[in-house]
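To keep things clear, I will list the structure first and then write my remarks on it.
Nothing in this text is a laboratory measurement; each read-out follows from the coordinates by a stated rule. From a predicted model like this one, the values you see are computed outputs, not experimental measurements. All Cβ positions, even for glycine, are placed from backbone atoms using ideal geometry, and neighbour counts span all protein chains on display.
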Amino acid sequence: MLLADVLRTALIQIRANKLRSFFTLLGIMVSVAFLIAVIAIIQGMNAYVKDNVASAMIGSNSFQVRRTPLNFAPISDDQWDVIQRRPRITPSEAMIVEAAVPNAEAVSLTSGWPTPQVDVHWRDRTLGDVLIFGVTAPHQVVQDYRIAVGRPLSDLDVRERRSVIVIGAAIAEKLFENVDPIGREVRLLGEHFTIIGVNQRKGRVLGQSFDGFILMPISRFEMLYGRRSTTTVSVKVATVDDVAPAMARVEEALRVARGLRPGEPNDFSLETADALIAFWKTLTRVLFAVVPFIVSIGIVVGGIVIMNIMLMSVTERTHEIGIRKAMGARARDIERQFLAESVALATLGGIIGVASGWAFASLIATASPLPARVTSWSVLLAIALGAGVGIVFGVYPARRAARLDPVHAMRAE
């Protein structure tokens, strides 16, 4: 019996029992759809964190010198005590960093965490809980900010402790609507500040706006809030390949400046966006470990359903099997026929599951800030999984059909 005839007969049987075939495939379709959707979301999130979140927090081609590390994992009390005893990052150390990497595009000093929030007042309008950062002028280069209107902060603003600010696009839209904000005075903590610039929109990352902030000269910021214990030095270099050499030079310069002996651990942290990316990938590895277990339950249940339906089909078609054997069909022809039907059923379920999972992932990406990215390897895995279930759970019914005695089979009604 030719393979084409086997497949055609299998498809005819599936089409002849549409409703039964649908419920037979339901377990596999749901499991495969879940697999595709979850992998698409995880893969999309991995790319999103790498391309958007990490660069938005630290900046592209950049690294930071911090008193406290970007440690997203739990740490012990002893470790925390050691970190708290570290000296603060000072403006003079920012100058040491700048001297260590003379080819850097920008070296900035930024107020650290916790970031204060302030109510912004203009005339009779108030915008509450706005994040405010104290920065030096190069911070805008490190974070890839672009000025939409007005001008950025300057070194002169920082040196003279001027009461000027640059605001994000969201603040300009909410507080001023159709009014040009440049030159307007707003009140922060009872003091007047002049708006000199509005940054271009950077958009939202996972639902969090990166346009609802105020940038203030760090010298003026420290007059309001005092010097933060977690002030950060940020360094931006030309390319990603320049990051590691620049970090090595900065580490050496700071160790010399702080009098650290060989073998003595650093009392500062050098961080890139890799810390955030590594933490996120650790989380997704846990998800990848759990997802196959959940999917396997649905796959096994779907496979058992396919096996039971195929056994029922063998019983219903006993007479047909007897006639085929009487006309010369061999046992392996019968076995191949029923195995082909089982594989076709399971593969069809896998394909429908892939389409459903793809549609579900696209719906999530459209209706929420969660991105989704369907990869070719996950599609191939899902279809192969469906076909494999058909083979594993279709062998027993196929062999049972092949072993039927033709005489007794022809007598069956």
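Put in order of Cβ neighbour count within 10 Å, fewest first, the listed residues His139, His319, His121, His192 become His192, His319, His121, His139. The fewest-to-most ranking of Phe133, Phe293, Phe393 by surrounding Cβ atoms within 10 Å reads Phe293, Phe133, Phe393.
A simple rule links phi to the HN-Hα coupling: the Karplus curve 6.51 cos²θ - 1.76 cosθ + 1.60 with θ = phi - 60°, which for segment 350-363 gives x, 5, 5, x, 4, 4, 5, x, 4, 5, 5, 4, 5, 5 Hz, with x for Gly and Pro. Sorting Ser76, Ser219 by the number of Cβ atoms found within 10 Å of their own Cβ, with the fewest placed first, yields Ser76, Ser219.
The dipole here belongs to segment 62-272: it is taken about the Cα centre, uses +1 on the Cβ of Lys and Arg and -1 on the Cβ of Asp and Glu, and is about 300 debye.
With R₀ set to 41 Å, the beta-carbon distance separating Thr230 from Ala384 gives a calculated FRET efficiency near 0.25.
Diagonalising the gyration tensor over the Cα atoms of segment 62-272 and scaling each eigenvalue by 5 before taking the square root yields semi-axes of 33, 18, 16 Å, largest first. Note on Asp124 and Ala248: the extension gain reaches 39.5 nm, defined as 0.36 nm multiplied by sequence separation minus the Cα-Cα distance. Separation between the Gln117 and Asn308 pseudo-spin-labels, each 7 Å from Cα along Cα→Cβ, expressed in nm? So the label points at Gln117 and Asn308 sit 5.4 nm apart.
Counting Lys +1, Arg +1, Asp -1, Glu -1, what net charge surrounds Gly190 among other residues with beta carbon under 15 Å of its beta carbon?
Taking every other residue near Gly190 into account, the sum is -1.
Placing pseudo-labels 7 Å out from each Cα toward the beta carbon at Thr366 and Arg161 gives an inter-label distance of 5.6 nm. The H on the amide N of Ala106, modeled in the peptide plane, is under 5 Å from the matching H of Lys236, each at least 5 residues off or on a different chain. Extension gain for Ile182-Asp144 works out to 11.6 nm (0.36 nm per residue, less the C-alpha to C-alpha distance). Using the Cβ-Cβ distance between Glu105 and Val301 with R0 set to 51 Å, the FRET efficiency from 1/(1 + (r/R0)^6) comes to roughly 0.35. Measuring max minus min along each principal axis, the C-alpha atoms of segment 164-270 give extents of 59, 33, 24 Å (largest first).
In this structure the amide hydrogen of Val164, modeled in the peptide plane, comes within under 5 Å of the amide hydrogens of Thr194, none closer than 5 places in sequence on its chain.
Spin-label model, Arg403/Ala355: points 7 Å from Cα along the beta carbon direction are separated by 3.8 nm. Across segment 239-246, rounded Karplus estimates of 3J(HN,Hα) from the backbone phi angles (6.51 cos²θ - 1.76 cosθ + 1.60, θ = phi - 60°) give 9, 5, 5, 7, 5, 4, x, 5 Hz, Gly and Pro being marked x.
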